[in-house]
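Report on the structure given below.
Every read-out reported here was derived from the displayed coordinates using simple, explicitly stated rules and does not represent laboratory data. In this text, all values refer to a predicted model and were calculated from it rather than measured experimentally. As a convention, Cβ positions derive from the backbone with ideal geometry for all residues, glycine included, and neighbour counts pool all protein chains shown.
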Amino acid sequence: MKDIMNKEVDDRKEDAIVTEKQLLPVQLNVNGKQYILHLEPWTSLLDALREHLGLTGTKKGCDHGQCGACTILIDGKRINSCLTFAVMYQGVPITTIEGLAQGDKLHPLQQAFIKHDAFQCGYCTPGQICSAQGMLNEGHAYSRDDIHELMSGNLCRCAAYNNIVKAIEEVIETGQTPDAV
Amino acid sequence: MTTIAADISQASYIGQPISRVDGVAKVTGTARYAGEYTAPGLLHGLVISSPVAKGRILSIQSEEARAVNGIIKIYSHENVKDLPWFDLSYKDMNLLPGSPFRPFYSNEIQFSQQPVALVIAESLELARYAATLVRIEYETAPFETDLENNLENAFTPKRGKTGYKKPKNRGNAKKQFTKADVKIEAEYMHGAEHHNPMELFSSTVVYGKDGSLTVYDKTQGVLNSQSYIARVFDIKHKKVRVLSPFVGGAFGSGLRPQYQLFMACLAALDLQLPVRVVLTRQQMFSFGHRPATWQKLKLAASNDGRLEAIEHTAISETSRFENYTENIVNWSGRLYSCDHVKLDYRLVPLDVNSPLDMRAPGAATGVLALECAMDELAYKLNIDPLVLRLKNYTEKDPESGKPFSSKNLMDCYKQGAEHFGWEKRIYSPRSMKQGKQLVGWGMSSGMWDAMMVPARAQAKITADGKLVVTSATSDIGTGTYTIMTQIAAETLGLPLEDVSFELGDSKFVFAPFEGGSATAASVGTAVLFACKKIREKLLSLAKKLEQSPLANVQDEEIVFVNGRICHQDDIECSLSIREVMDRTGTKYIQEKNSDLRAMFKQLGYARNTHSAIFVEVKIDEDLGLISVTRVVAAIAAGNILNPKTASSQIMGGVMWGISMALHEDSFMDHQYGRFINHDYAEYHIPVHADTPDIEVIFVQEKDTVVNPLGIKGVGEIGIIGTAAAVANAIYHATGKRIRDFPITPDKLL
């Protein structure tokens, strides 16, 4: 796969698939990098990330906003990226799982997830971690029950729930909650 | 001396709670799943599914769809020719008796949501749009999808799929039942369930210039997919490479090649271009499922609680074209001491897709009914449900008469009860209220097979002291990567970071699909033997070196620690592996396991895992809302390679059991012959808020028979019995026996 992380991307300019009129130029700010894409207006933000930017860390589990696997952070707020269109997020800071670690230094939630075995197959994990960060940003999680409740939009079929909660609790308890991302 | 001992304990990885070696890849989003590989010019496929359950396709009008700019081709039975007609071409390692489903083979519709067409386009959006423009006309035929209405049509299968064991009767249960002191009789029913792994079923197929295929598939067995493609499309095996390094959950759904694999390969071969086909969540309700099953249990006992007769009948659905079989009733002849057992397993063919193994197939179903019935019997006898189990404990397998290779169910009962606080339980139902909450405590036993299947591993150590071990096995979230790395590192005394285990590639040595909790034992033993062979070679090289300090050391006194070959009592008397390789000019040593001796020794023994599950529920008396608040799962599963990943397996299994008891139900609308709750909003699985406190206990169980490391496997045992323990707790809380699963609030009101 071509390296698209560090340069502007213009995948579609030459091999226009539908008529030029239907493709909209979209400028996305993902994990601190600027990208210009040409997208159908109905391309979901999730598909733009996965199919057009190659950022496949954000997962598709249902495409209907029912599972939370596609959770990302928009200006620090967690959303289901499958339920919204890419064209709506021009210039807004978007953070995906790929943007949480600082180089080789894992984000505290990522470290805690590994330590507490907060995943098995790993497919819901990026969404769980982004959702957890979004929940921490919201600032309403005061107890284990709160975390269980506020994380209930993120399904895990392996049912690693208790370990996910332990990982989040540890990040809260050790006060390593990073600044809102 | 102390130094060596400390070093040895440091290099001891088996049994340690090591964090997953693939953890970083999974938490950073770099772990790549089947639908996440790409290639220049990748095309996207979208499958169109039949809205009717039975009939035939009269016509397909696709002109309008084909006219869309960017649509490459639309496939259906009308234009897909030259598919093999022979059943064997479509068989997979599951080997169901019958005639496997063949996509696009004819215009016949055999089940609702059957794939009928494939739209290939330059983008996913276009494929999705064009699919809406395809007009398909159907002629419908009468169909039958209701198991309960067709129980009289049940037949006894003459043979079954891979792993099927014909139930065995003993004694004369019927006669014994008529003269017994105490007896109960009850019927249990649960509907179909779907696996629903988080990852959508996907295949990305890259067509090579030489006509070869590189296939990224969501599967539990790369060799199963490879062999299927080779036979269906008549290509040489070596021209098909299937990879599956990460699998986003499977739970049995990846044991058969699913139709997106067929679709992606069909289009890639025809167009000679790279193609990806991803199914929708809704379409994942179109393939195999845990079959709807009706069961009847009759138990008879003496007044003091000894089982005198067990009769267990199970009738499950299957498709019209294959006989899917499970070992449902068999467990009733094996879990307790009882001389008179009558087992009856039958199938009803319906107009549905063939069922498919789903976590603990057979046992999840059969043990649910048996263990609910045991609870009913306990209350009929007026004795504690745990005491009833203890009274009927068996030290040998009652079915075969063979001893168990190991069985420490007794400690499961003891430790589980103690940790749960079972002795504080008040016997009578509805006696443990907390305000408006009815509190119920229930328990169950569980049993699964400790299987060993033929598997191979290849290990290669290079001059830099790094070890790479490979096998065509799978890690569906079970922890295969991690435990195999632990076994290899410990066997050769290498630091974990110098060892890598690779899997999910059809070019690796043979391993069967990952299923039945057999992988840790089977592949783990293969890894052990392959690494032991390297160890022998290294030692022999080390001893032959000029002035080798190890020349006169007995083999039994040698240890491999921290990359060194040492005398166990003298760290000075050692050589590093790198030095040995270097001084002998050895670039690498590569070995495969070939020792299958362990498999013959086992034949004289019954080999099983066991469990005791204790559950607390709290129920809102007015609304019937049920919460599982506490679970203790005590597991006897031999040697636990990694308590961290193994606990996760058990916790996951326990949640599946709770889900079976309270949530999961693929709801068949018999008017349309279609599962109507076919998405995550309507098909309920537990969420964070449904999760109770779960304590997992692994009791000590030393087993020298199953395999040299004493591994029994933990993937299934967590679910088995859990649903019964929940149902029994609900009875204890409410005094109501609900025998129709899942137990939803309406059934309690």
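Here are some notes:
- By the helix-only formula, in which each DSSP H run with n ≥ 4 contributes -39500 (n - 2.57) and the sum is divided by residues, chain B has a 222 nm mean residue ellipticity of -7500 deg cm²/dmol.
- Dipole magnitude for the stretch B:455-595: computed about the Cα centre from +1 point charges on Lys and Arg Cβ and -1 point charges on Asp and Glu Cβ, it is near 540 debye.
- Taking the charge dipole of the stretch B:76-182 about its Cα centre, with +1 at Lys and Arg Cβ atoms and -1 at Asp and Glu Cβ atoms, the residue from B:G98, B:G163, B:F111 reaching farthest to the positive side is B:G163.
- Gain upon complete extension [B:S89, B:E682; 0.36 nm per residue less C-alpha separation]: 209.8 nm
- In order through the stretch B:560-565: 3J(HN,Hα) via Karplus (6.51 cos²θ - 1.76 cosθ + 1.60), integer Hz, x for Gly, Pro: 9, 9, 6, x, 10, 9
- Near B:V116, the amide H atoms lying under 5 Å from its own belong to B:I48, B:S49, B:S50; only residues 5 or more places off or on other chains count, and H is placed 1.01 Å from N.
- Part-to-part distance (alpha-carbon centres) for the stretch B:334-349 and the stretch B:384-422, which is given in Å: 20
- Once the Cα-Cα distance is subtracted from the 0.36 nm per residue extended length, the B:D582 to B:T629 segment shows a gain of 11.0 nm.
- Dipole magnitude for chain B: about 1500 debye, using +1 per Lys or Arg Cβ and -1 per Asp or Glu Cβ, origin at the Cα centre.
- For a paramagnetic label modelled on A:E173 (point 7 Å from Cα along Cα→Cβ), amide N atoms under 20 Å away belong, within the stretch A:125-148, to A:129, A:132-133, A:135-137, A:139-148.
- Measuring between their Cα centroids, the stretch A:130-181 and the stretch B:444-502 lie 32 Å from each other.
- Cβ-Cβ distance of B:K179 and B:M410, R₀ of 51 Å, FRET efficiency by 1/(1 + (r/R0)^6): the value works out to about 0.95.
- Evaluated over the stretch B:1-125, the count of Lys pairs having alpha-carbon atoms less than 30 Å apart is 6 (only pairs 8 or more residues apart or interchain).
- Subtracting the Cα-Cα distance of B:A689 and B:L603 from 0.36 nm times their residue separation leaves 26.4 nm of extension gain.
- Taken about its Cα centre, the stretch B:157-301 carries a charge dipole of about 1020 debye when Lys and Arg each add +1 at the Cβ and Asp and Glu each add -1 at the Cβ.
- Cβ-based exposure ranking for B:V367, B:V134, in which fewest neighbours within 10 Å come first: B:V134, B:V367
- Across A:E40, A:E51, A:E169, mean-square fluctuation computed from a Gaussian network of chain A (C-alpha pairs under 10 Å connected) peaks at A:E51.
- Gaussian network model of chain A, springs between alpha carbon atoms under 10 Å - residue of A:I36, A:I129, A:I97 with greatest fluctuation: A:I36
- Amide hydrogen proximity for B:F404: with H placed 1.01 Å from N in the peptide plane, the residues at 5 or more positions away or on another chain lying under 5 Å are B:D397, B:A606.
- Paramagnetic reach from B:L58 (point 7 Å along Cα→Cβ, amide N under 11 Å) across the stretch B:120-142: B:137-140
- A Förster radius of 25 Å combined with the Cβ-Cβ distance from B:N79 to B:D210 puts the calculated FRET efficiency at roughly 0.45.
- Counting Cβ atoms of other protein chains within 10 Å of each Cβ in B:194-200 and taking the mean gives 6.
- Here the peptides B:704-710, B:637-643 are ranked by packing, the mean other Cβ count within 10 Å, and the order with the highest first is B:637-643, B:704-710.
- Here's the picture: charge each Lys and Arg Cβ at +1 and each Asp and Glu Cβ at -1 in the protein assembly as shown, and of B:S12, B:L223, B:V468 the one pushed furthest to the positive end of that dipole is B:L223.
- Backbone N within the stretch B:439-466 under 17 Å of label point (7 Å from B:Y393 Cα along the Cβ vector): B:444-447
- For peptide B:646-652, the mean count of partner chain Cβ atoms within 10 Å of a residue's Cβ comes to 5.
- Filtered chymotrypsin sites (Phe, Trp or Tyr not before Pro), the stretch B:354-437: DSSP coil and at most 14 other beta carbons within 10 Å: B:Y393, B:Y427
- Of the residues B:H567, A:H107, the one with the fewest other Cβ atoms within 10 Å heads the list, and the complete ranking is B:H567, A:H107.
- Considering only B:I565, B:T491, B:P512, and ranking their Cα positions along the charge dipole of the stretch B:455-595 that arises from unit charges at the beta-carbon of Lys, Arg, Asp and Glu, the one farthest toward the positive end is B:P512.
- Anchor B:K747: aspartates and glutamates whose Cα lies under 16 Å away (excluding residues fewer than 8 positions away in-chain): B:E187, B:D620, B:E621, B:D622, B:E664, B:D665
- Cα centroid of the stretch B:532-558 to Cα centroid of the stretch B:250-305, whole Å: 51
- Couplings for the stretch B:375-385, taken from phi via the Karplus curve 6.51 cos²θ - 1.76 cosθ + 1.60 with θ = phi - 60°, read 5, 4, 5, 4, 6, 5, 7, 6, 10, 4, x Hz in order; Gly and Pro are left as x.
- The distance between label points at B:E536 and B:A463 comes to 2.6 nm (points 7 Å beyond Cα on the Cα→Cβ vector).
- Its DSSP H runs of at least 4 residues, each contributing -39,500 (n - 2.57), put the calculated 222 nm mean residue ellipticity of chain A at -7000 deg cm²/dmol, to the nearest 500.
- For peptide B:677-684, the mean count of partner chain Cβ atoms within 10 Å of a residue's Cβ comes to 3.
- Taking 32 Å as the limit for the C-alpha separation, the pairs A:K60/B:K618; B:K158/B:K298; B:K342/B:K601; B:K532/B:K644; A:K115/B:K537 exceed it in the case of A:K60/B:K618; A:K115/B:K537.
- Shape class of the protein assembly as shown from the Cα gyration tensor (axes a ≥ b ≥ c, square roots of the eigenvalues): rounded, since a/c falls below 1.5.
- Shown is the FRET efficiency for B:N552 and A:K115, computed with R0 = 45 Å from the Cβ-Cβ distance and rounded to the nearest 0.05: 0.50.
- Backbone amide hydrogens, once placed in the peptide plane, bring B:F501 within less than 5 Å of B:V469, excluding anything fewer than 5 places away on its chain.
- Projecting label points 7 angstrom from Cα along Cα→Cβ for B:L151 and B:R66 puts them 5.2 nm apart.
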